[in-house]
Amino acid sequence: MGFVSKDLPNPDGAFSPKDIAQSTKIYDRTGEVKLYEIFQEEKRTVLDLPQIPSYVRQATLAAEDKDFYQHRGFAITGMLRALYVNIVHGGTLQGGSTITQQLIKNTLLTSEKTFTRKIKELILAYRIEQKFTKDQILKLYLNEIPYGANAYGIEAAAQTYFGIPARSLSLAQAALLASLPKAPSRLSPYGGSQDELLRRQSYVLDLMVKAGYLTPDQLKTAQAEKLVFKPKREAIIAPHFVMYVRDLLSQHFSEQELNAGGLQIRTSLD
């Protein structure tokens, strides 16, 4: 175990924006027409936990880690379930990540899906749980996690997708934003998977009811709300295709690598 842990990053002072490198460019099949540029313009406004509405926090807990306040950084049941999937389907270890583990993956480690990286993630999760309180970890998560469209943290996500501060989010909007960290590129409101995003939002609302966060009447009110997204103003050609490509990339690279890794992507688009 020592050879795995000796070179781990120190959690102290690690939760800050990384050095900017080069943007990632997505091209057509000729490599001459640029479809989209992914760059390190991290939109982020840090909020204290009391500034974030309780139902925003609850939606996140219901969607990502319902036992967050009970475990010590990792959940054995989730790990066993992920191991089962890995054994049955083969390939790399996946799934079973708590909020603490997701925070580590997005700030301290890469998204590489290997057993060695998973062990590093578990060691760091234990260390972070020893150093920070649960509320401090949740605050870090809600201010650090990528929500897509260069929006990092719940405040930037609220401003990017709805044009309002996080404190003004409705329950329906909060549940939708809590749905994004699972796959921020694929589920982007600006891509071609809005139906899938809305299904996940409905699923998150149901989870909130099961967790005791919502009453049936609150659920009905949230389900009845028609969501209107702020228009996307970035230059992009073939947005649905580009978001599909970006989702494929996000399965192999971290958000940091995508935003600042200087990748040159040539696609099949004619």
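The values are calculated or read from the model by the stated rules, or taken from the named source; none is laboratory data. Everything numeric here is computed off the predicted structure, so don't read it as measured data. Counting neighbours? That spans all protein chains shown, and the Cβs are built from the backbone with ideal geometry, glycine included. Just the protein is used for accessible areas: all its heavy atoms, side chains included, with ligands, DNA and RNA removed. Shrake-Rupley method; radii C 1.70, N 1.55, O 1.52, S 1.80 Å.
Among all residues of region 231-240, there is none that is among the basic types (Lys, Arg), open to solvent by 50 Å² or more (accessible area, probe 1.4 Å) and in a helix (DSSP H, G or I).
Checked against (1) in a helix (DSSP H, G or I); (2) over 30 Å from Leu109 (Cβ atoms), Ile164 passes all but a single condition, namely (1). Taking Ala156, is it surrounded by 14 or more Cβ atoms within 10 Å (Cβ to Cβ), more than 24 Å from Lys34 (Cα to Cα) and either touching a Leu at 6+ places or on another chain (Cβ under 6 Å) or not polar (S, T, N, Q) (or both)? For Ala156, the condition - surrounded by 14 or more Cβ atoms within 10 Å (Cβ to Cβ), more than 24 Å from Lys34 (Cα to Cα) and either touching a Leu at 6+ places or on another chain (Cβ under 6 Å) or not polar (S, T, N, Q) (or both) - is met.
Of the numbered criteria (1) under 25 Å from Asp67 (Cα atoms); (2) not in a helix (DSSP H, G or I), the one Leu219 fails is (2).
Filtered by the rule that a residue be without any contact (Cβ under 8 Å) to a residue 12 or more places away in the chain and open to solvent by less than 90 Å² (accessible area, probe 1.4 Å), region 209-225 gives Val209, Gly212, Thr215, Pro216, Ala224. Annotation note: of Thr24, Thr60, Thr45, the sole residue that is touching a strand residue (DSSP E or B) at 6+ places or on another chain (Cβ under 9 Å), at pLDDT 75 or above and of a type in the set (S, T, N, Q) is Thr24. Of all residues in region 241-270, those satisfying the criterion of being within 13 Å of Tyr190 (Cβ to Cβ) and open to solvent by 50 Å² or more (accessible area, probe 1.4 Å) are Phe241, Tyr244. What do you reckon, is Ser202 touching a Gly at 6+ places or on another chain (Cβ under 7 Å), open to solvent by less than 70 Å² (accessible area, probe 1.4 Å) and either of a type outside the set (Val, Ile, Thr) or not in a loop (DSSP other than H, G, I, E, B) (or both)? It is false that Ser202 is touching a Gly at 6+ places or on another chain (Cβ under 7 Å), open to solvent by less than 70 Å² (accessible area, probe 1.4 Å) and either of a type outside the set (Val, Ile, Thr) or not in a loop (DSSP other than H, G, I, E, B) (or both).
In region 242-262 there is no residue that is under 25 Å from Ala63 (Cα atoms) and modelled with pLDDT of 90 or more. Note on region 167-199: residues that are open to solvent by 40 Å² or more (accessible area, probe 1.4 Å), assigned to a helix (DSSP H, G or I) and touching a residue at least 60 places away in the same chain (Cβ under 8 Å) total 2.
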